[in-house]
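The block underneath contains the structure these notes are about, expressed in structure tokens.
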Amino acid sequence: MSLAQSVAVITGAGQGLGRAFAEILLKNGAKVLLTDINETVGQKTLSELAASHGQDKVAFLKSDVTKETDFQSAFSTAKSKLGAVNIMVNNAGTGNEKDAWESTIDINVKGTIKGTKVALDHFRKDKGGNGGVIINVASIAGLNPNPCGPVYGASKAAIIMFSQCWGMNTDAVSNGVRINVLAPAFAETEMVKALRVGKEIHKPEIATQMLDQVGVLPVEKVAEAFLELVTDTSKNNAILKVSAHMGKGYHSLK
Ligand SMILES: NC(=O)C1=CN([C@@H]2O[C@H](COP(=O)(O)OP(=O)(O)OC[C@H]3O[C@@H](n4cnc5c(N)ncnc54)[C@H](O)[C@@H]3O)[C@@H](O)[C@H]2O)C=CC1
Ligand SMILES: CCCCCC(=O)/C=C/[C@H]1[C@H](O)CC(=O)[C@@H]1CCCCCCC(=O)O
């Protein structure tokens, strides 16, 4: 799939993996609407990416994935500034396990469901769309249990099952929509920096051991795996794992 005529909406794109996904799409010719709840990081990333890729290629909208209306605004802003959207990346996520654990469900699970629902309504050919691809960002923590993040692991397992159910639904597939899951292990972002401090998780000493055993990927490596799921049109309902110690590999739930 050529990205020359493509327009993407990415949630949580102000920093970390979301920003790396935006950069690789821009490098490959797509236009990108960056969305993030944090306006400061979003505006900084916008000015840096606009300087390197062009003002007409990228835009930013402050947007909260817990609000379905913000997804509607993102799709209409993208269409008016960049063109009709055909790539949706549900990336925004958090890993609070303690007092703020409900935000992990609201952002990771409900945010991804809202983003997928709005994207399906825009992409489905039977609803007047032109098709598209949805990438839902889960984690290896949604496939392999760990003692540090029960809420986070459950949220990522929910994203994987939700995506796989839609990826086999003919209402989506027959109407030109692909739905894929990216499941990274540790990548060098603010989330992993917070993990090293260990305030929001259980058993931080085990997470530290895991970080040493598994290793930490540069965000660019995760972005390469992400690009494969976007551009390879033979990939629908796929789960792609990527980690520093095992590399890249597809996973089947069956
Ligand atoms: N860094 C890692 O090792 C891994 C990360 N992931 C997943 O990748 C995704 C991105 O993670 P990172 O870049 O590491 O995190 P990060 O913490 O560096 O960036 C997350 C971004 O999401 C934004 N965000 C938070 N709540 C939001 C909301 N309600 N609405 C819109 N934006 C919001 C933040 O402002 C931030 O810019 C997450 O879903 C995470 O669970 C998955 C596996 C490994
Ligand atoms: C090998 C697991 C990779 C997980 C990468 C990731 O998504 C990290 C997420 C953390 C989030 O900030 C909150 C958490 O609880 C997650 C930590 C989970 C990793 C601990 C693994 C420990 C084990 O498997 O024994």
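Coordinate-derived values only; no laboratory data. Keep in mind the model is a prediction, meaning the values are calculated, not measured. So basically every Cβ, Gly included, is an ideal-geometry build from the backbone, and we count neighbours across all protein chains shown.
Summary of values
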quantity	calculated
Helices (runs of 4 or more DSSP H) enclosed by region 168-254 - at least 2 residues per element that are farther than 22 Å from Asn90 by Cβ	190-197, 204-214
Wholly enclosed helices (runs of 4 or more DSSP H) of region 51-130 bearing at least 1 residues over 14 Å from the mean Cα position of the chain (by Cα), surrounded by 15 or more Cβ atoms within 10 Å (Cβ to Cβ) and of a type in the set (S, T, N, Q)	68-81, 101-104
Matching residues, region 25-44, being buried (at least 22 other Cβ atoms within 10 Å of the Cβ) and either closer than 19 Å to Ser76 by Cβ or not hydrophobic (A, V, I, L, M, F, W, C) (or both)	Ala30, Lys31, Val32, Leu33, Leu34, Thr35, Asp36, Gly42
Any chance Ala238 is closer than 24 Å to Asn96 by Cα, within 21 Å of the chain's Cα centre (by Cα) and surrounded by 16 or more Cβ atoms within 10 Å (Cβ to Cβ)	no
Condition check for Gly18: crowded, with 22+ Cβ neighbours inside 10 Å, in a helix (DSSP H, G or I) and free of Cβ contacts under 8 Å to residues at least 60 places away in the same chain	no
Residue in region 143-165 that is within 21 Å of Gly18 (Cβ to Cβ), surrounded by fewer than 19 Cβ atoms within 10 Å (Cβ to Cβ) and more than 14 Å from ligand 1 (Cβ to nearest atom) present	no
Residue match in region 171-193 (condition: within 16 Å of ligand 1 (Cβ to nearest atom), charged (D, E, K, R) and touching a helix residue (DSSP H, G or I) at 6+ places or on another chain (Cβ under 9 Å))	yes
So Val214, is it surrounded by 15 or more Cβ atoms within 10 Å (Cβ to Cβ) and either without any contact (Cβ under 8 Å) to a residue 24 or more places away in the chain or over 30 Å from Lys125 (Cα atoms) (or both)	yes
Conditions (1) part of a loop (DSSP other than H, G, I, E, B); (2) more than 30 Å from Gln209 (Cα to Cα); (3) in contact (Cβ under 8 Å) with a residue 40 or more places away in the chain; number of the one not met by Cys148	(2)
Matching option when the condition is within 15 Å of ligand 1 (Cβ to nearest atom) and touching a residue at least 40 places away in the same chain (Cβ under 8 Å), among Asn90, Asn86, Asn38	Asn90
Residue under evaluation Ile134, criteria (1) within 16 Å of the chain's Cα centre (by Cα); (2) within 13 Å of ligand 1 (Cβ to nearest atom); (3) closer than 26 Å to Ser252 by Cβ, criterion not met	(2)
